[in-house]
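Colleague: If you scroll down you'll find the structure; I have some questions about it.
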Amino acid sequence: MKRSKVLEEILNGFVLLGSMAIIVVASIELLKGNEALSESFILKFHLWICSLFLADFFVRWYTDGWTARFFWNNLFFLIVSIPYLNIVYNLSTSISHSTWILLRLIPLARGIYGVSLIVGWMTRSKITNLLITYLTILFTTIYFCSIVFYYMEHDVNPPVKTYWDAFDWALMNVTTVGSNIFGVTKIGQILAVVLAAAGMIFFPIFTAYVTTKFQNKRKGTN
């Protein structure tokens, strides 16, 4: 049990480093343009990060006794840890530029969740843990939707002049208020739906958290 706990902590550290690395690399690539990082570097980095996430999955599955419960509960993380970019590249399959970008971003889903778990583990209260985990996922989703939107739209959408225009667009959409900027690419339009759905899911959680805190405080004063 103790050995398993130590191994889990080591994996947590590597997953956190990998998650932070993929966030930094994706940000540089999307905000600085195609020439910021070479294709060779992107492919090697993508393979190493996905290999790390896959190793984390299989080691945890092994320590859990190869149970079907663990596999099905974590199937999503297995799916987003597969190095699709390298597979497509090695197969020499012809795909659109937008699809190529999406394949690069798939491991971000695993990375975002990894960061949210680490942040959540830093809190003691289960309620606070849940809130911080969800808020981390929400704000990271806003950030990446905004930089992907900027990357896809700034050359074809006149209102998107700087990254901050895209960030404002993301904030307005996640609050379901709506923005005066509309996506002209398919990915931009899809991201608007994703942000609206995320807002409808996560903001009620914040409301429930505040309500619970208020009720607990009132019980404590009575």
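The values are calculated or read from the model by the stated rules, or taken from the named source; none is laboratory data. What you see is a predicted model; the values in this text were computed from it and never measured. Methodologically, a virtual Cβ is constructed for each residue, glycine included, from the backbone with ideal geometry; neighbour enumeration extends over all protein chains shown.
Colleague: What pairs can you find where one residue is in the range 143-161 and in contact (Cβ under 8 Å) with a residue 12 or more places away in the chain, the other is basic (Lys, Arg), and their Cβ atoms are less than 8 Å apart, with a gap of 6+ or different chains?
Modeller: 154/161
Colleague: If you don't mind, there's one more thing I want to ask. Among 141, 128, which is under 25 Å from residue 30 (Cα atoms), among the β-branched types (Val, Ile, Thr), modelled with pLDDT under 85 and not assigned by TED's automatic domain parsing to the domain that holds residue 8? Walk me through it before giving the result.
Modeller: Numbers: 128 fails: under 25 Å from residue 30 (Cα atoms).
Result of the check over 141, 128: 141.
Colleague: Now for a different question. Taking residue 37 and the conditions (1) within 22 Å of residue 86 (Cα to Cα); (2) in contact with an Asp or Glu (Cβ under 8 Å, 6 or more places away or on another chain); (3) modelled with pLDDT of 85 or more, which numbered condition does it fall short on, given that it satisfies the others?
Modeller: Here residue 37 clears every test but (3).
Colleague: How about the range 176-210: which of its residues are of a type in the set (Ser, Thr, Tyr) and either surrounded by 14 or more Cβ atoms within 10 Å (Cβ to Cβ) or in contact (Cβ under 8 Å) with a residue 40 or more places away in the chain (or both)? Break it down into steps so the answer makes sense when it comes.
Modeller: We begin by selecting, within the range 176-210, every residue of a type in the set (Ser, Thr, Tyr); these are 176, 179, 185, 207, 209.
Matches in the range 176-210: 179, 185, 209.
Colleague: Mind checking which helices (runs of 4 or more DSSP H) fall wholly inside the range 43-115 and carry at least 3 residues that are at pLDDT 85 or above and buried (at least 16 other Cβ atoms within 10 Å of the Cβ)?
Modeller: In the range 43-115, the matching helices (runs of 4 or more DSSP H) lie at 84-90.
Colleague: Please verify whether residue 119 is modelled with pLDDT of 80 or more and of a type in the set (A, V, I, L, M), treating the condition exactly as stated. Break it down into steps so the answer makes sense when it comes.
Modeller: Details: modelled with pLDDT of 80 or more: no; of a type in the set (A, V, I, L, M): yes.
For residue 119, the condition - modelled with pLDDT of 80 or more and of a type in the set (A, V, I, L, M) - is not met.
Colleague: Next question. Determine whether residue 11 is part of a helix (DSSP H, G or I), in contact with a His (Cβ under 6 Å, 6 or more places away or on another chain), touching a residue at least 12 places away in the same chain (Cβ under 8 Å) and not assigned by TED's automatic domain parsing to the domain that holds residue 151.
Modeller: Values: part of a helix (DSSP H, G or I): yes; in contact with a His (Cβ under 6 Å, 6 or more places away or on another chain): no; touching a residue at least 12 places away in the same chain (Cβ under 8 Å): yes; not assigned by TED's automatic domain parsing to the domain that holds residue 151: yes.
Answer is no for this residue.
Colleague: Turning to a different aspect of this structure: When you check residue 49 against the structure, is it in contact (Cβ under 8 Å) with a residue 40 or more places away in the chain and closer than 20 Å to residue 21 by Cα, yes or no? Quick ask: steps written out before the conclusion?
Modeller: Details: in contact (Cβ under 8 Å) with a residue 40 or more places away in the chain: yes; closer than 20 Å to residue 21 by Cα: yes.
Criteria met by residue 49.
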